[in-house]
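Visitor: Provided herewith is a single structure, encoded as structure tokens, for subsequent inquiry.
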Amino acid sequence: MFVQERQDAILSIVNENGKVLVKDLSQQFDVTEDCIRKDLAVLEKKSLLKRAYGGAVSIRINSHQGDVAQRRNEYIQEKRVLAHKALTLIKERDTIFLDISTANVELAKLLIEQNMNVTVVTNMVDVIIALSAPCNVSLFFIGGSFNRGRDGFIGSSSIGQISQLRCDLAFMGTVGVDSFNDSVYTYVPDDGLTKKAILRVSRQAYLLVEKRKFNMEGNFKYAELEDFQGLIIDDTPDAAILEKLKHYEIEVL
């Protein structure tokens, strides 16, 4: 086994189990403990794990950054990359659902710039504001209980309205993805239940994921990776994550 292959395998183990022991890895890969320690040092330098006494632990982060207002002006370039990739999937006269996601605000702006003749359904206020400018986009917004932190309408009333719809495409947001445990997260349970409803009424759904979110998680699992037609990512994820994604048989853009 090549060094890179061993390190990728170690990363898969630590992400799946949360921790690894040097002595166990040494036996599993039939190399010295010093060799394993060097591997862990390399992976730690890449911020892929954190070394601990006798081994290493995963470094998945839950920042508890639930408010959209906190994230609106962060990682703008990455969100624009996601939006441009998403735009290539949209055809004239499609009906698309733009979920609560700051990347979807950038996608809404692109729909105006391209003067596309589509129907947008959304429960996010910033998307509604963006599409209020003169354009060819037909706008239908989901009402209900307004959650200021999420900048949108979520909960039972919103779910009731969504259940009556049928959409060609949905572009979904997430606060974190765990590819090793097949989990897609959000922070707020009502937001997660609303997202589940969107998935149920959409013929195809794509998850918008900034690369950094593969090391993040939230408090509520709202989907599994198989629930999506594909993932739209701003940059190529690490080899171990990319290899794991192949098992889910979904498109990676």
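Let's see how each residue does on (1) modelled with pLDDT of 95 or more; (2) assigned to a helix (DSSP H, G or I):
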{"position": "157", "(1), (2)": "yes, yes"}
{"position": "168", "(1), (2)": "yes, no"}
{"position": "177", "(1), (2)": "no, no"}
{"position": "180", "(1), (2)": "no, no"}
{"position": "194", "(1), (2)": "yes, yes"}
{"position": "204", "(1), (2)": "yes, no"}
{"position": "231", "(1), (2)": "yes, no"}
{"position": "236", "(1), (2)": "no, no"}
{"position": "240", "(1), (2)": "no, yes"}
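Visitor: A further question follows. Restrict the check to the stretch 186-195 and report whether at least one residue is buried (at least 24 other Cβ atoms within 10 Å of the Cβ), touching a residue at least 24 places away in the same chain (Cβ under 8 Å), out of contact with any Ser or Thr (no Cβ under 7 Å at 6 or more places or on another chain) and of a type in the set (Asp, Glu).
Guide: yes
Visitor: Give me the pairs: first residue in the stretch 19-45 and farther than 12 Å from residue 9 by Cβ and touching a residue at least 12 places away in the same chain (Cβ under 8 Å), second residue among the aliphatic types (A, V, I, L, M) and open to solvent by 40 Å² or more (accessible area, probe 1.4 Å), beta-carbon distance under 7 Å, and six or more apart or on different chains, which are they?
Guide: 19/57
Visitor: Looking at the stretch 92-110, which of its residues are free of Cβ contacts under 8 Å to residues at least 40 places away in the same chain and either within 15 Å of the chain's Cα centre (by Cα) or on the phi < 0 side of the Ramachandran plot (or both)?
Guide: Listed by number, the residues that qualify are 92, 105, 106, 108, 109, 110.
Visitor: I want to confirm something. Restricting to the stretch 16-51 and keeping residues that are under 32 Å from the mean Cα position of the chain (by Cα) and of a type in the set (Val, Ile, Thr), which single residue is surrounded by the fewest Cβ atoms within 10 Å (Cβ to Cβ)?
Guide: Selected residue: 42.
Conditions (1) surrounded by fewer than 16 Cβ atoms within 10 Å (Cβ to Cβ); (2) part of a strand (DSSP E or B); (3) not hydroxyl-bearing (Ser, Thr, Tyr), marked per residue:
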{"position": "108", "(1), (2), (3)": "no, no, yes"}
{"position": "116", "(1), (2), (3)": "no, no, yes"}
{"position": "121", "(1), (2), (3)": "no, yes, yes"}
{"position": "127", "(1), (2), (3)": "no, no, yes"}
{"position": "135", "(1), (2), (3)": "no, no, yes"}
{"position": "140", "(1), (2), (3)": "yes, yes, yes"}
{"position": "143", "(1), (2), (3)": "yes, no, yes"}
{"position": "146", "(1), (2), (3)": "yes, yes, yes"}
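Visitor: Going by the structure shown, is residue 101 buried (at least 24 other Cβ atoms within 10 Å of the Cβ) and either touching a helix residue (DSSP H, G or I) at 6+ places or on another chain (Cβ under 8 Å) or of a type in the set (Phe, Trp, Tyr) (or both)?
Guide: no
The values are calculated or read from the model by the stated rules, or taken from the named source; none is laboratory data. The structure presented is a predicted model; accordingly, all values stated were derived computationally and were not measured. All Cβ positions, even for glycine, are placed from backbone atoms using ideal geometry, and neighbour counts span all protein chains on display. Areas reflect the complete protein model, heavy atoms only, side chains present, ligands, DNA and RNA absent. Shrake-Rupley method; radii C 1.70, N 1.55, O 1.52, S 1.80 Å.
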